[in-house]
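Reading through the structure tokens given below for one structure.
The values are calculated or read from the model by the stated rules, or taken from the named source; none is laboratory data. Just so it is clear, the model here is predicted, and its values are computed rather than measured. Neighbour counts are summed over all protein chains in view; Cβ atoms, including those assigned to glycine, are modelled from backbone coordinates with ideal geometry.
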Amino acid sequence: MTGGHRSQLDSLIDSIRSHPSADFYRVRWEKAKTFEELPTISRKDFLDVPLSQRRYKDARSFVKIVHDKDRMFLSEWSFEDIGHEPWGTSATRPLVYLADPHEAIEKSMWCYENNIVPLIGEPDPDIAMFTASKYRINALITDTVSLPKLLPFLEKQERPLSSITVLGDSFDAPALASFARFAGRSRLVLRLPETGAFAESPLGPVSFVALPDCIVSEEDGAVVITKTAQLVTPIIRYRTNLPAGSVHSRDGEAV
């Protein structure tokens, strides 16, 4: 962890401890003092605690439903924080084509926050490809389920898109490798709906590296992530389902 990260974390943890109403972390941290002593949290904690107890700042925001098997919970992101997430690359006419409509709206908000006007793809792939052709898209923000549905459209393009960003919590890299030829830059972004993005990799060869505002560590064989940004619900020592060794820290060390 860099000195800059340590300073940001200390300030963030102090603000969380002293928050006048939200006690999501305070209850779980109890008497732990240092960052390293803090217990991990997981999606189960988000499922068990209402959003009202997880809100650490007020801002213009977007609230979405996150589904987990037979349960669901709410996740809130401020427009400003959405704009700071690395959901795409600079492009004038991106297509946002995602299986989850809440995620599609959020990623479209990223575009608007960055002064980009996106095309939001219809669920029907034929309609999505027709409108993408009419809009003359030059970039794509998608997921592992939706990308293969656009193959007929991508194969017809006379020139590659400027970028393809594929979002997911896991990837079948060999199955996706052939799509790299359809864009000047192709990348995979590891993300969870409640944490946002935390690591990225080129489409090939695949090697995930933590994003600049993320700290990755390992506990009990799983990747644990912390984001230094002051989010509506901060992400402090969040335990993922990713196996240890699947994400590298910014200094190149696998965790």
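Overview of values
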quantity: Condition met for residue 105 (among the aliphatic types (A, V, I, L, M) and assigned to a helix (DSSP H, G or I)); calculated: yes
quantity: Pairs, first surrounded by fewer than 17 Cβ atoms within 10 Å (Cβ to Cβ) in the stretch 139-151, second at pLDDT 95 or above, C-beta under 7 Å, six or more apart; calculated: 145/99
quantity: Complete set of residues in the stretch 231-244 that are part of a loop (DSSP other than H, G, I, E, B) and either at pLDDT 95 or above or under 15 Å from the mean Cα position of the chain (by Cα) (or both); calculated: 231, 232, 233, 234, 235, 236, 237
quantity: Which listed residue, of 85, 103, is in contact with a Gly (Cβ under 7 Å, 6 or more places away or on another chain), touching a residue at least 60 places away in the same chain (Cβ under 8 Å) and not aromatic (Phe, Trp, Tyr); calculated: 85
quantity: Filtered residues of the stretch 17-64 (kept if among the polar types (S, T, N, Q) and under 16 Å from residue 75 (Cβ atoms)); calculated: 42, 52, 53, 61
quantity: Qualifying residue in the stretch 188-195 (condition: in the same structural domain as residue 110 (by TED's automatic domain parsing), surrounded by 15 or more Cβ atoms within 10 Å (Cβ to Cβ), among the charged types (D, E, K, R) and within 17 Å of residue 43 (Cβ to Cβ)); calculated: yes
quantity: Unmet criterion (only one of (1) more than 16 Å from the chain's Cα centre (by Cα); (2) crowded, with 20+ Cβ neighbours inside 10 Å) for residue 247; calculated: (1)
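Residues checked against (1) surrounded by fewer than 17 Cβ atoms within 10 Å (Cβ to Cβ); (2) in contact with an Asp or Glu (Cβ under 8 Å, 6 or more places away or on another chain); (3) over 22 Å from residue 228 (Cβ atoms):
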| position | (1), (2), (3) |
| --- | --- |
| 59 | yes, yes, no |
| 63 | yes, yes, yes |
| 78 | no, no, no |
| 101 | yes, no, yes |
| 119 | no, no, yes |
| 133 | yes, no, yes |
